[in-house]
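The values are calculated or read from the model by the stated rules, or taken from the named source; none is laboratory data. Predicted, not measured: the structure shown is a model, and the values here were computed from it. Cβ sites come from the backbone with ideal geometry, for glycine too, and all protein chains shown count toward neighbours. For the accessible areas, the whole protein counts, side chains as well, though only heavy atoms, and no ligand, DNA or RNA atoms are used. Shrake-Rupley method; radii C 1.70, N 1.55, O 1.52, S 1.80 Å.
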Amino acid sequence: MTPNTCPFEPFRLRNCALVVQSAGHRAQTLKELRDGLIQVPPSSLHYHFWGQLLRPRPDPDHYNDFAAWVARDVGDPETAERLDALNPSLFPNLESLREALLTVLEERLSRGDFLSWAKSRSDFFFVKAQMLVFDTGLEAETPEELGDQLSLSPSGCVFYHFVDALRRTPDGRDDFTFWLSGFGIPEDRLRPLTLLDPYLFSLRELRDRLATYIRDLGRDRS
């Protein structure tokens, strides 16, 4: 096998979009937000943390929908800051993230002050989303080709192959790392990909970083 031969199937880049549906709950107070969090499915948590990558962020000062609502509509910047500090990339699963959210809200509600029960300026609507996946027609047979094609792809490709794959695949690996490992690339060379935190960047920034690093991996092999 020559260094430039694909060891198995070519990498086919797929794009995605989210179809939003009501999760059947809404909140006007912090207590109702807490109660809703107990009941909504994990897909709702995923949307309210990760969905903002695929849509314009309504409040650029906050990383997730819960923090944005608590700051803007409840008027509790302290609690919003604590909710903002919850990085979903650092939790092993959505249920552990749910527990962390509930801990923040339970501690806040234990004060029993005005903001604990006051109605917000507008309701928080819990939603969930189903993913639609599309073939882009872009594919690659080498790491260098993958870097080149990724740089031309829509940002939804990064969400599907790098963000969603972390919870979709049994071993929690992104699709790029899994495919690149078939070329015999050492784990230490792939580690920078696995350490890249998708929650801290826009999809465009992620795409550019991934494309550059994957392209460089291909050039190092040639």
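Observations, loosely collected:
- Think of each Lys and Arg Cβ as +1 and each Asp and Glu Cβ as -1; about the Cα centre, that makes the dipole of region 16-128 roughly 320 debye.
- Low-density loop cleavage sites - trypsin sites (Lys or Arg not before Pro) in region 87-164, where at most 15 other Cβ are within 10 Å (DSSP): 111, 119, 121
- Accessible solvent surface per residue of the chain, calculated while the other protein chains remain in place, 1.4 angstrom probe, Å²: 50
- Within the listed set 113, 208, 61, the residue fluctuating most in the Gaussian network model of the chain (springs between alpha-carbon atoms under 10 angstrom) is 113.
- Region 16-128, Cα convex hull volume normalised per residue, Å³: 96
- Unit charges at the beta carbon, dipole of the chain: most positive-side option, 48, 218, 143: 48
- Here the accessible area of region 16-128 is 54 percent carbon and sulfur, with a 1.4 angstrom probe and all protein chains present.
- Only helices enter the 222 nm calculation for the chain: every DSSP H run of n ≥ 4 contributes -39,500 (n - 2.57), and dividing by all residues gives -13000 deg cm²/dmol, rounded to 500.
- Among 44, 155, 202: highest mean-square fluctuation, GNM of the chain, C-alpha pairs under 10 Å: 202
- Span from the region 40-93 Cα centroid across to the region 155-173 one, whole angstrom: 19
- This model, with +1 at the C-beta of Lys and Arg and -1 at the C-beta of Asp and Glu, gives the chain a dipole about its Cα centre of some 420 debye.
- With 10 Å bins from 0: P(r) over region 78-222, alpha-carbon pairs, percent: 9, 33, 27, 17, 10, 4, 0
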